[in-house]
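I have placed the structure first, in the form of structure tokens, so that the comments after it can refer back to it.
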Amino acid sequence: MLLKQYYLGCLAHASYMIADEQSKEAAIVDPQRDIEQYLKDAAEGGYSIKYVILTHFHADFLAGHIELRNRAGARIVMGAQAKAEFDVLSVTDGQTIDMGKVRLKFLETPGHTPEGISVLVYDLNKSDSKPEAVLTGDTLFIGDVGRPDLLASIGVTADELAEMLYSSVNRLRELPEETLVYPAHGAGSLCGKGLSKETFSTIGEQKKFNYALQPMGLDEFKKLVTADQPAVPEYFVYDAIKNRQERDDLEATMQKSMRGLSVDEVLAMQLEGAQVVDVREAADYEGAHLLGSLNIGLKGKYATWCGTILSHDQPLVVVAEAGEEEEAVMRLGRIGFDNVAGYLKDGMAALNSRPELVNKIERVTAPALYELLSEANPPVVLDCRAEKEWLGGHIEGSVNVPLQQLANRIEEVPANVPVVVHCEGGYRSAIACSILAQAGRKNMSDMVGGIKAWIASKLPTTAVEACGSGCGSSCSK
């Protein structure tokens, strides 16, 4: 038996190939939308991809089930509660699929979503009663469980889902302790709040160290799993719906999107409401960029922040380094953003003769900012990290507006004084600066290296903690 994990760091997403060496049949579980790696491995191993299994309708990415159906002829398999527009093989609790000496047994494990399933994997050469592994989707993570509050399932409340999750988790607890646990996400995913950096574990280890698998009553479980969950990007509901639908595959959308555009074509599209996203690194963007463009760098949580900041309804134009246009468009396709109209041909070099279209953003070091703050008219420091990060330690006097809220709270950022923006390491602050620049703000700078550079320079921070009164405010201790 082959059980291979594919881990996509930028989305903290794990997918799997399960294959039988005798029959050469294979199944892919929770695939990403760009499927070439599965096809390549299947060809090299001589496997026929017979099934593509979705443990649930994912919200944080567009899965590759349509692509594997179209390219490999795979049958799409989902739990019986899944309501999809495309043809599926619906499996009920306890139902099995055999691929030679490999058996897949399906457990209905709702809670993150109503249709959630887990897949028990048996190597029949070893045992038909003890599973080798369980693929838990977003029901059980390493160190955490799937959040029940994503609201991706219309007509089911978070409270109802939490009750389902409680039952599902307790059911998984009863599996043999040596059973390997393979989830669909790891650290950095917004589908939970405390996922481990480890990408697999065992039921026994999770019973020891996973807070959600400790013995407790339903009410206590509900409180634990719903507390302190991170903010959810708006595109999550969009992707959850798209994953239910019949749609074009990635290959078709890439063919439409990979179109080089002239400067004048991009300007005309901007006038009509198109979004321009510059995917270069922050230093390059801030050194020179097209007026009105937003910076979301490829070398970071690109897809997540594109889904958070950009709209899937308005056309998108990409500005990239030469040779990186296809990756930028493909990674937008991973989250279902198929609205890319093209890319700026020749990138920023196309603007060499059009200096009136180029803008820049100043950059300042942490020690330089510290000196500026001691002057008679200091700048305003805008901290665009999440509130929890800001509470844990920040520059005294800084204003906290989390990045995902900045566009709607821009009036809270003073327009008539210098502003210095920072985040943890510099990725989010560059996005924030681009949002401010797009809104017409001029007198601002980006602090290089973020709060990490400030702390490394041994400069002071202050902490503020929630008052605990339930008022929603923060009070200094």
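The values are calculated or read from the model by the stated rules, or taken from the named source; none is laboratory data. Quick caveat, the model's predicted, so the values are computed rather than measured. Ideal geometry is used to build each Cβ from the backbone, glycine not excepted, and the neighbour counts take in all protein chains shown. These accessible areas exclude ligands, DNA and RNA; they are computed on the full protein's heavy atoms, side chains included. Shrake-Rupley method; radii C 1.70, N 1.55, O 1.52, S 1.80 Å.
Looking only at Cα atoms, what is the convex hull volume of segment 369-473 per residue, in Å³?
For segment 369-473, the hull spanned by Cα atoms encloses 106 Å³ per residue.
Take the residue pairs K299/K360; K242/K299; K105/K256; K301/K442; K197/K242 and return only those whose Cα atoms are more than 30 Å apart.
Exceeds cut-off: K105/K256.
Excluding residues fewer than 8 places away in the same chain, name every one of the aspartates and glutamates whose C-alpha is closer than 16 Å to that of K223.
Filter leaves D144, D149, D159, E160, E163.
Kirkwood hydrodynamic radius for segment 313-392: how many Å is it when counted over pairs of different Cα atoms?
16.8
Roughly how many percent of the accessible protein surface of segment 1-91 is carbon and sulfur, given a 1.4 Å probe and a whole-percent answer?
Answer for segment 1-91 is 46 percent, counting heavy atoms of protein chains only.
If you average the C-alpha positions of segment 376-414 and of segment 56-78 separately, how far apart do those two centres end up, in angstrom?
Answer, in whole Å: 40.
In Å², what does the accessible area per residue of the chain work out to with a 1.4 Å probe?
42
For the charge dipole of segment 334-431, defined by +1 on Lys and Arg C-beta atoms and -1 on Asp and Glu C-beta atoms about the Cα centroid, which residue among A341, A386, L351 has the Cα displaced farthest towards the positive pole?
Farthest along the dipole direction, towards plus: A341.
When only DSSP loop residues count, what trypsin sites (Lys or Arg not before Pro) in segment 51-107 have their Cβ near at most 14 other Cβ atoms within 10 Å?
K83
Could you please report the charge total around A320, scoring K, R as +1 and D, E as -1 over all other residues with beta-carbon less than 14 angstrom from its beta-carbon?
Values: positive: R259, R280, K299, R331, K345; negative: D278, E281, D284, E321, E324, E325, E326, E327, D346.
Overall, the nearby charge balance is -4.
Could you tell me the convex hull volume per residue, in Å³, taken over the Cα atoms of segment 232-324?
Values: hull volume 11.2 nm³, N = 93.
Spelled out: Cα convex hull of segment 232-324, divided by residues, is 121 Å³.
When Lys and Arg each count +1 and Asp and Glu each count -1, what net charge do the other residues less than 13 Å away from V329, Cβ to Cβ, add up to?
-2
Largest first and in whole Å, what are the equivalent-ellipsoid semi-axes of segment 166-319 based on the Cα gyration tensor, each being the root of 5 times an eigenvalue?
In descending order the semi-axes read 42, 17, 15 Å.
With a 1.4 Å probe and all protein chains left in place, how much of the accessible area of segment 162-308 comes from carbon and sulfur atoms, in whole percent? Walk me through the intermediate numbers first.
Working: 3410 of 6530 Å².
Exposed carbon and sulfur together represent 52 percent of the surface.
On a C-alpha basis, how far is the centre of segment 194-269 from the centre of segment 116-187 in Å? Whole number, if you could?
About 16 Å separates the Cα centre of segment 194-269 from the one of segment 116-187.
Kindly work out what percent of the DSSP beta bridges joining two residues of the chain are antiparallel, to the nearest 5. Numbers along the way, then the final one.
On the way: 35 of 73 bridges.
If I count the DSSP bridges inside the chain, around 50 percent turn out antiparallel.
Could you compute the FRET efficiency for D149 and N352, with r as their C-beta to C-beta distance and R0 at 56 Å, rounded to 0.05?
Values: r = 49 Å, r/R0 = 0.88.
After rounding to 0.05, the efficiency reads 0.70.
Once all Cα-Cα distances of segment 45-104 are split into 5 Å bins that start at 0, what whole-number percent is in each one?
Per 5 Å bin, starting at 0, the Cα pair percentages come out as 4, 16, 27, 25, 19, 8, 2.
Any idea what the alpha-carbon Rg over 2.2 N^0.38 Å comes to for the chain?
Values: Rg = 24.2 Å, N = 477, 2.2 N^0.38 = 22.9 Å.
Working it through for the chain, the quotient is 1.05.
Which trypsin sites (Lys or Arg not before Pro) does segment 309-351 hold that lie in a coil by DSSP with at most 16 other beta carbons within 10 Å?
Within segment 309-351, the qualifying trypsin sites (Lys or Arg not before Pro) (loop, at most 16 other Cβ atoms within 10 Å) are K345.
For every other residue with a beta carbon closer than 12 angstrom to the beta carbon of V380, add +1 if it is Lys or Arg and -1 if Asp or Glu, then tell me the sum.
Result for the neighbourhood of V380: -1.
DSSP loop trypsin sites (Lys or Arg not before Pro) in segment 17-55 with at most 16 other Cβ atoms within 10 Å of their Cβ, which ones?
K24
Going by the alpha-carbon gyration tensor, a ≥ b ≥ c the square roots of its eigenvalues, is segment 89-190 rounded (a/c under 1.5) or, if a/c is not under 1.5, prolate (a/b greater than b/c) versus oblate?
It comes out prolate by the Cα gyration axes.
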